Amino acid sequence: MSLHVAIAGATGVVGAEFLRLLEERAFPVASLRLMASARSAGRRLAFRGTEIEVEDLAEASFEGVDVAFFSAGSAQKAHARRAAEAGTLVVDNSSAFRMDPDVPLVVPQVNGDRARDHKGIIANPNCSTILLVMAIAPIERQVPIRRIVVSTYQAVSGSGAAALAELEQQAADEREGRPLTPSVYPMPIHGNVIPFVQAFDADAITTEEWKMVKETQRILERPELAVSATCVRVPVRRAHSEAVNLELERAVTPDEARTWLDAAPGVTVVDDPAAMRFPTPRDADGGDDVLVGRIRRDPGRPEALDLWLTGDQIRKGAALNAVEIAEHLFEVPAR
Ligand SMILES: NC(=O)c1ccc[n+]([C@@H]2O[C@H](COP(=O)([O-])OP(=O)(O)OC[C@H]3O[C@@H](n4cnc5c(N)ncnc54)[C@H](OP(=O)(O)O)[C@@H]3O)[C@@H](O)[C@H]2O)c1
């Protein structure tokens, strides 16, 4: 089996990762089409020793394309629908379809079989949510979770290529004594921590925080699960981290949790405090697994555990998860 593949948003941060993953993995690419905005049409991007010309997504036809990886933002929703109507399986990275009951929201290691319910479009969850459910589903499978309290430490590349450039520009500006000019973020991100991702609602909860609440409930099929999230942007280039407090139906020892997480595909436990071993974003950068450590009892609550996780949000939080969904559906061997 060989597949005709398209990447919509190929010139972006996630698009570049799709290109890398399709080169690295055994994904059977018969042909590859690259699409982005009209601004990028005509640019050429390297793939497996050749160069492919970028097409304007608005003009591109999806006839004959088996699978299209979309990472062009929610505003391109109509093109994702157009591709699905042409018979292409769309895996979309934006938030456009994530809460649509007709569109499965899938993390293959957690609810992979839901992918088969698709009607042409499958949604890739929010990056922080994917990393969270990868680390908590192996525990939830053993002992139901009662409540999740999570704080994120989100890398700037989560906001795309412009945000990475902004961090670098501000670092240079500070070195040269120039004023820092925020553009992507409401205040300087260099040398700072911003407890705000995207937009506030009337209750001062952010869009990103709601995504973590609603998408976690949907993926775990626990619509009533109590989830409280605080989403924070930090001046890290790549890989999101999260501090998680899990209240469970019964007391679980850190050793039990380590055993369940050790056995979970896509998760690596890095947890040896005596040897100063715990995962940091630099460890996760460029890797496939979600790294989990600092697993410990919550001293104030016998039925709760604290843990720390970090994962490459451009890989497992976006492009890798989408490729794994396609591998799962088309029964492609993972490597
Ligand atoms: N970065 C992450 O860690 C991450 C994680 C999970 C999900 N996502 C989601 O993935 C999507 C892409 O994110 P990104 O970080 O890769 O952003 P990015 O670096 O800013 O790239 C955006 C991509 O979308 C294309 N695009 C923008 N406007 C377009 C239009 N009108 N028509 C066609 N293509 C258009 C851009 O093409 P041009 O270069 O031509 O402008 C570029 O290829 C977003 O929905 C984002 O929420 C990102």
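The values are calculated or read from the model by the stated rules, or taken from the named source; none is laboratory data. Worth saying up front: this structure is predicted, and the values here are computed from it rather than measured. Here Cβ is always computed from backbone atoms with ideal geometry, including for glycine, and neighbour counts include all displayed protein chains.
In table form, for the structure just shown:
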item: Among the residues listed as 78, 83, 68, 96, the single one being surrounded by fewer than 22 Cβ atoms within 10 Å (Cβ to Cβ) and under 15 Å from residue 122 (Cβ atoms); result: 96
item: Residue count, the range 129-152 (criterion: surrounded by fewer than 20 Cβ atoms within 10 Å (Cβ to Cβ) and either under 26 Å from residue 199 (Cβ atoms) or small (Gly, Ala, Ser) (or both)); result: 3
item: The range 81-96 - residue that is in contact with a helix residue (DSSP H, G or I) (Cβ under 6 Å, 6 or more places away or on another chain) and among the aliphatic types (A, V, I, L, M) and, of those, nearest to the ligand (Cβ to nearest atom); result: 96
item: Any pair with Cβ under 6 angstrom, 6 or more apart, that starts in the range 54-80 at a residue that is farther than 14 Å from residue 91 by Cβ and away from the ligand (no atom under 12 Å from the Cβ) and ends at one that is assigned to a loop (DSSP other than H, G, I, E, B) and not aromatic (Phe, Trp, Tyr); result: 63/86
item: Selection within the range 24-71 - among the small types (Gly, Ala, Ser) and under 9 Å from residue 10 (Cβ atoms); result: 36, 40, 71
item: Residue satisfying all of: in the range 1-32; in a strand (DSSP E or B) and more than 13 Å from the ligand (Cβ to nearest atom); surrounded by the most Cβ atoms within 10 Å (Cβ to Cβ) among these; result: 5
item: Residue satisfying all of: in the range 139-162; within 8 Å of the ligand (Cβ to nearest atom) and in contact with a helix residue (DSSP H, G or I) (Cβ under 7 Å, 6 or more places away or on another chain); farthest from residue 74 (Cα to Cα) among these; result: 155
item: Lone qualifier among 208, 215 - being part of a helix (DSSP H, G or I), modelled with pLDDT of 95 or more and out of contact with any Lys or Arg (no Cβ under 8 Å at 6 or more places or on another chain); result: 208
item: Filter pass, residue 103 being crowded, with 22+ Cβ neighbours inside 10 Å and either within 16 Å of the ligand (Cβ to nearest atom) or aliphatic (A, V, I, L, M) (or both); result: no
item: Failed item in (1) in a loop (DSSP other than H, G, I, E, B); (2) away from the ligand (no atom under 16 Å from the Cβ); (3) surrounded by 14 or more Cβ atoms within 10 Å (Cβ to Cβ), with residue 181 passing the rest; result: (3)
item: Residue in the range 162-175 that is closer than 28 Å to residue 97 by Cβ, surrounded by 14 or more Cβ atoms within 10 Å (Cβ to Cβ) and within 21 Å of the chain's Cα centre (by Cα) present; result: yes
item: Residue match in the range 127-134 (condition: more than 16 Å from residue 219 (Cα to Cα), in contact (Cβ under 8 Å) with a residue 40 or more places away in the chain and within 11 Å of the ligand (Cβ to nearest atom)); result: no
